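Here's the structure, in structure tokens; my notes come after.
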Amino acid sequence: MGEAISTSEILCATGVDLSYGTQLAVSGADLSVARGEVVAITGQSGSGKSSLLYALAGVLPVARGQVRFENRALGDLTDDEISTLRRERFGFVFQYGELLPELTIEENTALPLRLAGRRKKPALAAAGQVLDRLGLGDLRERRPSQVSGGQSQRVAVARALVHRPAVVFADEPTGSLDSANASAVLKEFLSLARSQDTAVIIVTHDQAVAAQADSHYTMSDGVLTPRRPV
């Protein structure tokens, strides 16, 4: 399990249902996340775990129930407020990194800061600092096509954390990597997130990934269940 965490709740879901047409993808989900906490949600493909993740991030609207961030219901926010929240307070890591091929590694990392209005020079400087912490400083001027899969995923982690978000949503963040790279990337990811007091919600089918979390939930047929620690 991870290090001691704050008891201050930052994100919670209460009775969340999410549907695609007549198909119920998430049913009655309850979840509470504290500042600096790492939460893992495991389950088979199609169990609803990714749908729940995107509902928690305000990407997908809930059919019933409520998601609250810093005690504000996401459903009460305007589209502009939701967009600002996702840009400035949330971070995202996807299975394949999703780096922009036309940008350098440094520019990809700085992207959240640039979108938030930070000037180019300080944004790139901040990006360089995070890349250095992840051992990627010498790759700053390369393009995504010029780095390995493990390096690309480290850059995705750097990009997700460079603006010091309150919460990072990670969808199978090591799923495209071999076990050695996956372990290294996950360790660096969680270490950097915890040092910033950033909460992390990881969706994965990998029990080894879930074992690094502070809290662990399982999902089956849209139903979320807390898993008791051993």
Beta bridge orientation in region 9-226: antiparallel %, DSSP, nearest 5
50
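Can you tell me which of 104-116, 201-213 comes out highest on packing, and rank the rest after it, using the mean Cβ neighbours within 10 Å? Don't jump to the answer; show the numbers that get you there.
Numbers: 104-116: 21.5, 201-213: 19.7.
In decreasing order of mean packing, 104-116, 201-213 become 104-116, 201-213.
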Checked against the positive end of the charge dipole of region 9-226 (+1 on Cβ of Lys and Arg, -1 on Cβ of Asp and Glu, about the Cα centre), the farthest of 41, 25, 135 is 135
Over the chain, what is the relative contact order in whole percent, taking alpha-carbon pairs under 8 Å and six or more residues apart?
31
Using only Cα atoms, find the angle between the long axis of helix 149-161 and the longest principal axis of the chain, and express it within 0 to 90 degrees, rounded to the nearest 10.
70
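State, to one decimal in nm², a quarter of the convex hull surface area for the C-alpha atoms of region 1-155, i.e. the direction-averaged projected area. Mind dumping the intermediate values first?
Numbers: hull surface 45.1 nm².
Mean projected area of the Cα convex hull: 11.3 nm².
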The helix 179-195 Cα axis meets the longest alpha-carbon principal axis of the chain at an angle in degrees, between 0 and 90 and rounded to 10, of 80
Residues with beta-carbon under 12 Å from that of residue 54, excluding residue 54: net charge, scoring Lys, Arg +1 and Asp, Glu -1?
+1
So how tilted is helix 120-133 from the main axis of the chain? Cα-based, degrees 0 to 90, rounded to 10.
80
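No value in this document is a laboratory result; all are computed from the given coordinates. Note that the coordinates shown come from a computational prediction; the quantities given were computed from them, not determined experimentally. All Cβ positions, even for glycine, are placed from backbone atoms using ideal geometry, and neighbour counts span all protein chains on display.
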